[in-house]
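Single-structure report; data block below.
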Amino acid sequence: MLNNGIKKSKLKNMLHPCGVADINSSMSTIIELFTNNPESVGIIITNNSKYYGFLSARAIITIMNEQNLLYAIEQNPLTKLPGNTMIEKYISDVINNEKMHMLCYFDLDNFKAFNDAYGFRNGDRVIQLFADILRKNLSQEFFKAHIGGDDFFTAVEYSQENEYMYIEEIFNIVTKFTDDVRELYSHEDKIKGCIISTDRDGNKKEFPLLSVSASLLVIHKKTRKRSLENINQILSVQKKVAKQDTNRISMSCLL
């Protein structure tokens, strides 16, 4: 009995805490599990709730370093946000798991007209302003990225409890940008509520002040419609719908 007690005590002292993740979990989920437990020596990987293998702390740290390097390489030089490679990787993770996700495509409205009238330097200020608004006003859980030019992408894995909170945050992004960007206009243009600039055919015309359209796609669990082609097609259609909407927002669901 005494020997058994000693053995159990020694065994207990040799045990180390570690998280558990399914084989289909995204790397971001595994990294989050690992970093949330500073004493963790790794992550146990399961397949259909059965032990599948073990991912050591060293392996996870190597993956984190590689991701950080990729992030640095892929950063947009103006906004310092991740670029298209990281966006494609994120969407690939969405397609390959069954969790609920919210994807949002932002497109600045009347940006070319502003850029032509106020110059490239002020155009860059607009882009930086929107990137800063995303950073400061979307929850930390959101993936925030810059597709290029005046196009941005955000996404988040969510649960039913915080769905409306995240949707409200996206609504607030549209409102805040539309309000804040007015400060980049001259006093005269702010009063008029429009500017004179050149359209794509070289004709002078009036353009409304800058705003932003948000195309929102909510993906529910276990939908059979998760594919890159389907997601891109829906977001493309939603983008056109959002630009015609008075609130500049369109939303659809993959059920």
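The values are calculated or read from the model by the stated rules, or taken from the named source; none is laboratory data. Note that the coordinates shown come from a computational prediction; the quantities given were computed from them, not determined experimentally. All Cβ positions, glycine included, derive from the backbone under ideal geometry; neighbour counts span all protein chains shown. Surface accessibility is based on the protein's heavy atoms, side chains included, excluding ligands, DNA and RNA. Shrake-Rupley method; radii C 1.70, N 1.55, O 1.52, S 1.80 Å.
Considering only protein heavy atoms and a probe of 1.4 Å, how much of the accessible area of the chain is carbon and sulfur, as a whole percent?
Details: 7820 of 15130 Å².
That share works out to 52 percent.
State the percent of C-alpha pairs, over all pairs in segment 67-202, separated by a distance greater than 22 angstrom.
Details: 4120 of 9180 pairs.
More than 22 Å apart: 45 percent of the Cα pairs in segment 67-202.
How much FRET efficiency would the formula 1/(1 + (r/R0)^6) give for F54 and T246, where r is the Cβ-Cβ distance and R0 is 51 Å, rounded to 0.05?
Values: r = 54 Å, r/R0 = 1.06.
Taking R0 as 51 Å, the efficiency between F54 and T246 is 0.40.
Using Cα springs under 10 Å in a Gaussian network model of the chain, which residue among I191, I63, I44 shows the largest mean-square fluctuation?
The residue with the greatest mean-square fluctuation here is I191.
Compare H187, H101, H146 in a GNM of the chain, Cα atoms joined below 10 Å, and give the one with the largest fluctuation.
Answer for the Gaussian network model of the chain: H187.
May I ask for the net charge around S25, where only other residues with Cβ less than 12 Å from the Cβ of S25 are counted and Lys, Arg are +1 while Asp, Glu are -1?
Details: positive: K99; negative: D22, E32, D93, E98, E157.
Local charge sum for S25: -4.
Size of the dipole of the chain about the Cα centre, Lys and Arg at +1 and Asp and Glu at -1 on the beta carbon, nothing else charged, in debye to 20? Working shown, then result.
Values: 31 positive and 31 negative charges, 191 e Å.
Here the size comes out at about 920 debye.
Please compute the per residue accessible area over the chain with all protein chains in place, 1.4 Å probe, rounded to a whole number of Å². Mind showing how you got there, number by number?
Numbers: 15130 Å² over 255 residues.
Per-residue value: 59 Å².
How far is helix 120-137 tilted off the main Cα axis of the chain, in degrees rounded to 10, range 0 to 90?
Taking the Cα atoms of the chain, the angle to 120-137 is about 40 degrees.
Any idea what the relative contact order of segment 127-235 is, in percent, if you count C-alpha pairs under 8 Å spaced at least 6 apart?
Averaging sequence separation for qualifying contacts and normalising by length gives 19 percent for segment 127-235.
I'd like to know which of V181, V156, T62 lies farthest towards the positive end of the charge dipole of the chain, counting +1 on Cβ of Lys and Arg and -1 on Cβ of Asp and Glu.
Value: T62.
So for the chain: antiparallel DSSP bridges make up what percent, rounded to the nearest 5?
Around 75 percent antiparallel, to the nearest 5.
Beta carbons within 10 angstrom, averaged per residue: use that to sort the peptides 18-30, 229-241, highest first.
Working: 18-30: 16.6, 229-241: 15.0.
The packing order, highest mean first, is 18-30, 229-241.
On a 0 to 90° scale, report how tilted helix 2-14 is relative to the longest principal axis of the chain, with both axes built from alpha carbons and the result rounded to the nearest 10.
20
Label points 7 Å out from Cα along the Cβ direction at T62 and S159: separation in nm?
Placing both labels 7 Å along Cα→Cβ, they lie 3.3 nm apart.
Over segment 126-255, what is the percentage of antiparallel beta bridges among all DSSP beta bridges, to the nearest 5?
Details: 10 of 16 bridges.
Close to 60 percent.
In nm, to one decimal, how far is the R121 label point from the I196 one, both placed 7 Å along Cα→Cβ?
According to this spin-label approximation, the distance is 2.4 nm.
What is the sum of charges, Lys and Arg at +1 and Asp and Glu at -1, for the other residues whose Cβ falls under 12 Å from the Cβ of D107? Could the numbers behind the result be given before it?
Working: positive: K112, K239, K240, K243, R248; negative: D109, D150, D151.
Once all neighbours under 12 Å are counted, the net charge is +2.
Considering the chain as a Gaussian network with a 10 Å cut-off on Cα pairs, which listed residue, F153, F114, F207, attains the greatest mean-square fluctuation?
For the chain, modelled as a Gaussian network with Cα springs under 10 Å, the answer is F207.
By how many degrees, between 0 and 90 and to the nearest 10, does the Cα long axis of helix 163-180 differ from the longest principal axis of the chain?
Tilt of helix 163-180: around 30 degrees.
Find how much the distance from Q140 to K205 grows on full extension, using 0.36 nm per residue of separation minus their present alpha carbon separation; answer in nm with one decimal. Mind dumping the intermediate values first?
Details: separation 65, 0.36 × 65 = 23.40 nm, distance 4.07 nm.
Full extension of this stretch gives 19.3 nm more.
As a test of the formula, what do you get for the chain when each DSSP H run with n ≥ 4 contributes -39,500 (n - 2.57) and the sum is divided by the residue count, at 222 nm and rounded to the nearest 500 deg cm²/dmol? Walk me through the intermediate numbers first.
On the way: 9 runs with 119 residues, N = 255.
Here the helix-only value at 222 nm equals -15000 deg cm²/dmol.
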